[in-house]
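Undergrad: I have a structure here, written as structure tokens, and I will follow up with some questions on it.
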Amino acid sequence: MNWLRSLLTNHVLTNLTFALVLVLGYMAYQQLPPARDPEINFNWITIITILPGASAEDIEKRITDPLEDAIASNVSDIKFVTSTSRGAISNILVRFNQIDERTFDKRLSDLRREVQNTYNDELPVDAEDPIIIEVTSSSGFPSAMVAVTGVGADENLRVQARNIKKDLERLSGVDRVDSVALNDPELHVSFYPERLEGLGITPADISDTVRAYFRDVSGGDIDTREGQWLVRIAGTSPDPETMANYAVTTAQGVVPLGSLAQLSRTTEEPADLVYYQGEPAVLLPVVKRANTNVIDLVERIREYVERRNDFSDSTGVRLVLVDDQTVSTKEALALMQNNALIGLMLVLLVTWVFLGNRIAVLTSIGIPFTLAGTFLVLNIMGMSLNNMVLLGVVISLGMLVDDAVVVVETMYRKLQHGVQGVTAAIAALQEVFAPVTTSVLTTMAAFLPLMLLPGVLGEFMKVIPLVVTVALAISLIEAYWMLPAHVSASGSYAKQSVSHWRDSMTHALKLRYTRWLLKALRHPIISIAASVTIFIIAMVILVLGLIRFNFFESDPLRLFYVNVEMESGVTLQETAGVLRRVETELLKELQPDELRATLLYSGQQFTQTEPLFGDNIGQIMVSLNPAVPGDRHVNEIADAVLARVEKIEGPKSVSLLRMNNGPP
């Protein structure tokens with residue numbers, strides 16, 4: 001035991017280690033990116049492929065079917081594949097089985113390979129490169145949603161929204177910026193049938209001419225006296241006048257394209273329409289990178305919005321941050337941090353009441369050390385500061401001092417019998433090492449099986465046993481090293497005076513406990529029967545379903561969606577008109593101080609798994625201000641809104657999508 005004696009007597013090393021862990025742990029805590037949920041990969045993949053100008057039937061046959069067949073035939077461990085085909089867009093959702101991270105990476109590589117091979121070999125030449133998106137807890141729901149509004153759905157709104165989208169993509173921590181109602185520009189060629197017939201050409205000849213000219217051609221390089229020059233023929237131009245000069249070969253000679261067709265610059269046929277406060281808008285959902293500080297990211301977005309709005313008079317557009325995750329994230333983290341602080345105070349209070357000042361101080365200073373070490377380990381593991389981490393901290397708080405109390409009580413008992421400091425510490429550790437270690441390992445064993453839960457729920461839950469296990473392991477280091485060293489160096493070892501009220505209270509508790517224990521031992525049959533009866537009652541309550549199962553019971557977010565579905569065959573504009581009437585009605589149900597923003601869009605619906613598309617569907621996002629005392633609960637508001645809008649004539653169905661924390 002010479003090494004142990006040397007370790008306990010080296011107070012400089014002990015104190016430096018203690019201080020270093022506290023400092024590094026505090027720094028690690030500050031560096032942990034705040035998040036509402038842990039970073040979880042749902043094993044969902046979305047594949048988006050665009051074929052401009054194609055109908056929904058063409059997209060199904062020429063894009064979706066080839067990709068689905070290739071994926072289903074050559075990629076394993078797939079649970080299911082669903083797809084949506086609409087005008088110009090194919091959307092495929094691939095859900096993999098619950099597999100480990102390494103296997104998932106291999107399957108994702110296989111999927112990318114098959115998609116790329118199918119794109120090269122089978123898809124039309126005009127099809128754009130497929131976009132493959134992994135759905136995670138970071139990318140599944142946007143961190144912020146920015147609406148760009150203007151006086152009209154014109155070219156200025158489109159150009160400004162595209163520039164803003166590029167600016168947002170350059171912000172630190174942004175993974176991608178999606179867009180809704182941001183239509184690409186197009187050059188329309190409206191030919192005159194009578195002129196084509198008179199010249200003996202067909203619309204296909206016009207199409208071939210445009211295809212041949214409207215491209216950039218690399219001509220290699222040429223050596224001159226001035227040096228080597230690269231030759232490139234520029235054919236693509238957004239100017240209709242340039243296209244009007246294209247030469248079309250006819251039976252009567254070469255004529256310019258402008259004499260055969262009317263050329264105009266416009267945008268593609270809209271697949272979505274977005275309105276904010278009655279004005280046309282473009283919605284830009286911002287998705288963060290994994291383990292990005294969402295609070296800092298949204299603050300950067302808010303600063304950008306404010307700077308950009310300073311020039312709204314000259315740009316003709318205005319930016320609105322219609323929703324973000326910081327409110328719910330701050331509220332959730334503040335709640336868990338307050339709970340952790342309350343738990344810490346209660347632990348300190350209990351140790352002081354029952355153990356006295358000195359033991360309470362010596363055992364309680366181990367809690368900051370253990371928590372600092374835990375946050376340091378979590379930071380090294382690349383985790384975020386989320387609800388599950390803080391829940392694990394709250395659960396472990398009361399257990400962190402158990403081993404320390406046993407060790408310090410044993411040491412004080414030996415010190416009061418005259419054993420010297422370090423010798424008393426070594427003797428105490430030899431006496432309680434086995435039971436204390438066994439107790440801690442038993443507690444770890446009770447939590448670790450939670451890491452074996454399958455599915456997305458298991459990915460969320462495994463954070464809790466991980467945090468508890470790390471905290472308990474570090475608490476052992478504190479109890480076996482830091483605590484004995486501090487006690488042995490704390491000064492006088494004489495029996496400390498005990499307050500009369502504390503002595504009377506503990507004596508009364510011991511006396512009452514002893515009496516109940518004796519009664520139980522004298523009537524073993526009654527005691528066992530009572531225990532079995534309580535167990536049976538508990539099982540009956542469980543079997544009858546009187547206790548609800550909900551691993552992630554929580555208040556819903558201050559955000560909900562009103563889904564509207566129309567009869568098949570309606571146009572996008574008709575759906576938007578109905579959405580405006582629904583928005584007008586729901587605004588009557590909301591109080592001015594409750595509403596943050598509403599945003600309506602027709603052509604798609606957001607869900608917690610995948611977006612739905614179609615001209616006959618639409619959605620209204622209702623974002624509420626943070627709740628203050630006296631405000632209505634979000635469920636009460638949502639129910640009142642639904643009761644009002646259900647009475648509107650026109651929609652086939654009206655429903656609500658409520659947003660909650662936790663796994664989907």
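Undergrad: Looking at Val393, Val361, which one is surrounded by fewer than 23 Cβ atoms within 10 Å (Cβ to Cβ), part of a helix (DSSP H, G or I) and within 41 Å of the chain's Cα centre (by Cα)?
TA: The conditions single out Val361.
Undergrad: Got a number for residues in region 428-439 being without any contact (Cβ under 8 Å) to a residue 40 or more places away in the chain and either outside any helix (DSSP H, G or I) or buried (at least 19 other Cβ atoms within 10 Å of the Cβ) (or both)?
TA: Adding up the residues that qualify gives 1.
Undergrad: Would you confirm whether or not region 213-229 contains a residue that is without any contact (Cβ under 8 Å) to a residue 40 or more places away in the chain, at negative phi and in contact with an Asp or Glu (Cβ under 8 Å, 6 or more places away or on another chain)?
TA: yes
Undergrad: Are any residues in region 626-638 part of a helix (DSSP H, G or I) and either modelled with pLDDT of 90 or more or surrounded by 15 or more Cβ atoms within 10 Å (Cβ to Cβ) (or both), and if so, which ones?
TA: Val634, Ile637, Ala638, listed by residue number.
Undergrad: Related question: Looking at Thr249, Thr242, which one is outside any helix (DSSP H, G or I), of a type outside the set (Gly, Ala, Ser) and at pLDDT below 85?
TA: The conditions single out Thr249.
Undergrad: Hey, among the residues in region 396-426 that are charged (D, E, K, R) and within 25 Å of Lys462 (Cβ to Cβ), which one's least open to solvent (accessible area, probe 1.4 Å)?
TA: That would be Asp403.
Undergrad: Of all residues in region 269-306 being hydroxyl-bearing (Ser, Thr, Tyr) and in a strand (DSSP E or B), which is least open to solvent (accessible area, probe 1.4 Å)?
TA: Across region 269-306, the extreme among qualifying residues is Tyr276.
Undergrad: Every residue in region 163-175 that is open to solvent by less than 50 Å² (accessible area, probe 1.4 Å) and not in a loop (DSSP other than H, G, I, E, B), please.
TA: Listed by number, the residues that qualify are Ile164, Lys165, Asp167, Leu168, Val174.
Undergrad: Scan region 307-331 residue by residue and report those that are open to solvent by 80 Å² or more (accessible area, probe 1.4 Å), of a type outside the set (Lys, Arg) and under 24 Å from Gly152 (Cβ atoms).
TA: Asp310, Phe311, Asp313, Ser314
Undergrad: Say whether the condition of being assigned to a helix (DSSP H, G or I) and open to solvent by 10 Å² or more (accessible area, probe 1.4 Å) is met by at least one residue in region 121-128.
TA: Yes; the residues of region 121-128 include at least one that is assigned to a helix (DSSP H, G or I) and open to solvent by 10 Å² or more (accessible area, probe 1.4 Å).
Undergrad: Only one of (1) at pLDDT 90 or above; (2) over 27 Å from the mean Cα position of the chain (by Cα); (3) of a type in the set (Gly, Ala, Ser); (4) open to solvent by 40 Å² or more (accessible area, probe 1.4 Å) fails for Ser109. Which number is that?
TA: (2)
Undergrad: Working carefully through the options Arg95, Arg102, find the one that is surrounded by 15 or more Cβ atoms within 10 Å (Cβ to Cβ), charged (D, E, K, R) and either within 23 Å of the chain's Cα centre (by Cα) or not in a loop (DSSP other than H, G, I, E, B) (or both).
TA: Answer to the selection: Arg95.
The values are calculated or read from the model by the stated rules, or taken from the named source; none is laboratory data. Quantities reported herein were computed from a predicted structural model and do not represent experimental measurements. Please note: Cβ atoms are built from the backbone with ideal geometry, for glycine as well, and neighbour counts cover all protein chains shown. Just so you know, the surface numbers come from the protein's heavy atoms only, side chains and all, with ligands and any DNA or RNA stripped out. Shrake-Rupley method; radii C 1.70, N 1.55, O 1.52, S 1.80 Å.
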